[in-house]
Amino acid sequence: MSDRGTGRESTAKTNSNFYPVILAGGRGTRFWPLSRKRRAKQLLALDGKQTMIQQTVSRLLPLAPAKHFWIITNEDSQRELSRQTPRLSKQQIVAEPVGRNTAPAIGLAAFILAKSDPEAVIGMFPSDHVIADEKSYRQILQDAIKIAAADENIVVLGIRPTRPETGYGYIEVDSAMDRNARRVRRFTEKPSAERAARFVEAGNYFWNSGMFIWSARTLTNALREHLPKTAPLLEEIAQTFATRRFAATFRRLYPKCENISIDYAVLEPRSSKGEQNSNIFCLLADFGWNDLGSWTALHEHHTARKQPADGNLISSDGFFALNASGNYVHSPNKFVAAVGVNDLVIVETDDALLITTRKHAQDVGKIVKYLDEKKLLKLV
């Protein structure tokens with residue numbers, strides 16, 4: 001892993017109380033057949049030589065020492081994550097015994113850190129996003145850390161929408177606290193196309209990036225208030241961390257936690273208190289964000305940067321195109337010829353072949369669901 005040095009100088013300040021917590025438990029089913037249970041999306045190099053998790057760690061290292069990083073994942077990915085992030089100890093990569101969504105995952109980290117460092121400020125980060133301007137990204141995070149540390153504040157990074165996207169959550173903001181920080185009025189999860197269009201036109205709605213910053217104290221208090229059944233379980237697990245009892249306690253109690261996202265568990269009920277009382281702030285982020293949510297998104301990301309004349313993005317051992325445009329083809333060991341076809345997505349691995357269109361690439365995850373149901377485990 002090249003997080004030993006990114007080759008770029010940074011003026012970012014290392015924060016002694018900042019703890020990046022990276023959530024890396026997803027399967028990335030919309031990137032099948034490249035993404036599998038034991039080598040999920042975050043473990044793939046989709047945007048350069050580094051894998052997605054390596055990029056995530058690298059761009060956050062200037063903000064916190066390596067010993068402050070946490071990765072929450074699953075048992076399928078734990079070993080490969082450890083191999084790809086050698087600066088992190090095995091204890092810093094925690095594998096959930098069962099998936100319980102983002103609220104228990106980040107909540108467990110908060111209870112553990114609150115015990116070891118009462119002044120801890122936690123950043124919650126997805127493991128598989130692309131950030132083009134890392135310097136601006138870190139500067140915004142520095143601002144977010146200051147706001148989160150100042151009071152019982154929650155900070156979310158909001159992305160200015162470029163289209164009425166129905167696959168993202170939206171943040172409605174109101175009065176400005178300063179030039180970039182706005183008080184949050186409410187969160188809306190994945191609206192209809194018509195509603196998303198109204199949000200974009202209104203101008204005060206932003207995409208929810210899934211990146212949040214809060215103190216461990218703020219988050220544990222919020223979980224006690226809004227998840228009163230799950231919070232005591234997480235607290236009991238945290239009390240055993242770094243002891244011989246941790247693994248057994250984790251495996252016994254964690255499955256009893258509610259299966260719920262942090263958005264539904266904390267952010268929505270907290271925002272219902274009103275913008276002046278919720279203490280939720282949105283920092284407007286302009287650093288070239290992309291969540292690479294599908295093969296189509298990956299195609300758009302790379303073609304925007306490379307700008308091929310015909311819009312074809314091909315990974316192959318030689319390529320010929322005739323009257324073909326807008327195609328994404330991954331067949332690295334074969335010569336590929338595309339004749340009279342447009343907007344296709346073709347991905348080949350040793351044991352599977354995906355053929356779809358860019359328009360329908362969002363449905364690729366349904367293939368994995370089918371394979372699970374048919375117990376074709378070698379293909380998932």
Protection proxy ranking of 264-277, 282-295, 51-64, 189-202 - average other beta-carbon atoms within 10 Å, highest first: 51-64, 282-295, 264-277, 189-202
23 Å Cα-Cα reach of Lys49 towards lysines, excluding residues that sit fewer than 8 places from it in its own chain: Lys37, Lys41, Lys135, Lys306, Lys334
Values of log10 I(q)/I(0), in the order q = 0.19 Å⁻¹, for the range 150-303 under a Debye, Cα-only, solvent-free model: -1.14
Spatial separation of Cα centroids for the range 331-372 and the range 182-206, in angstrom: 33
Amide proton proximity set for Gly28, modelled H, under 5 Å, gap of 5+: Lys41
Projected area, mean over directions - the chain, Cα convex hull, nm²: 19.6
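Roughly how big is the chain's charge dipole about its Cα centre, with Cβ charges of +1 (Lys, Arg) and -1 (Asp, Glu), in debye to the nearest 20? Working shown, then result.
Details: 52 positive and 41 negative charges, 195 e Å.
Value, rounded to 20: 940 debye.
Please state, as a whole number in µm²/s, the translational diffusion coefficient that the Stokes-Einstein equation yields for the range 16-91 at 20 °C and 1.002 mPa s, with Rh defined as the Kirkwood radius across alpha carbon pairs. Kindly include the intermediate steps, with their values, before the conclusion.
Values: Rh = 12.7 Å.
Here the translational diffusion coefficient equals 168 µm²/s.
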Accessible area of the range 1-157 belonging to carbon and sulfur atoms, whole % at 1.4 Å probe: 46
Compactness of the range 227-321 - radius of gyration and Dmax, Cα, Å: 22.9, 61
Residue-averaged 222 nm ellipticity for the chain, from DSSP H runs of 4+ at -39500 (n - 2.57), nearest 500: -8500 deg cm²/dmol
Stokes-Einstein D for the range 82-157, Kirkwood Rh over Cα pairs, 37 °C, 0.692 mPa s (µm²/s): 223
Candidates Ala242, Ala297, Ala24, ranked by Gaussian network fluctuation over the chain, Cα under 10 Å, top entry: Ala242
Most fluctuating residue given options Val341, Val156, Val173, as computed from a GNM of the chain linking Cα atoms under 10 Å: Val341
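Per residue, how big is the convex hull of the range 257-380 when only Cα atoms are used? Give it in Å³. Intermediate results must be reported in sequence, preceding the final value.
Details: hull volume 21.5 nm³, N = 124.
Residue-normalised Cα hull volume stands at 173 Å³.
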FRET efficiency for Asp117 and Asp286, using Cβ-Cβ distance with R0 set to 35 Å, rounded to 0.05: 0.65
Paramagnetic reach from Arg160 (point 7 Å along Cα→Cβ, amide N under 20 Å) across the range 195-228: 196-211
Nitroxide proxy distance, nm - points 7 Å out along Cα→Cβ at Asp363 and Arg83: 3.5
Accessible area of the range 190-308 belonging to carbon and sulfur atoms, whole % at 1.4 Å probe: 48
Per residue accessible area of the chain, 1.4 Å probe, in Å²: 47
Cα-based Kirkwood hydrodynamic radius, the range 1-154, one decimal, Å: 15.9
Separation in nanometres of the label points that stand 7 Å from Cα toward Cβ, at Asp151 and Leu376: 5.5
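What is the packing order of peptides 74-86, 92-104, taking the mean over residues of other C-beta atoms within 10 Å and listing the highest first?
Details: 74-86: 17.8, 92-104: 19.7.
Descending packing order for the listed peptides: 92-104, 74-86.
The values are calculated or read from the model by the stated rules, or taken from the named source; none is laboratory data. No experiment lies behind these values; they were computed from the predicted model shown. Heads up, the Cβs are rebuilt from the backbone with ideal geometry, glycines too, and the neighbour counts pull from every protein chain shown. In case anyone asks, the SASA skips ligands and DNA or RNA and just uses the protein heavy atoms, side chains included. Shrake-Rupley method; radii C 1.70, N 1.55, O 1.52, S 1.80 Å.
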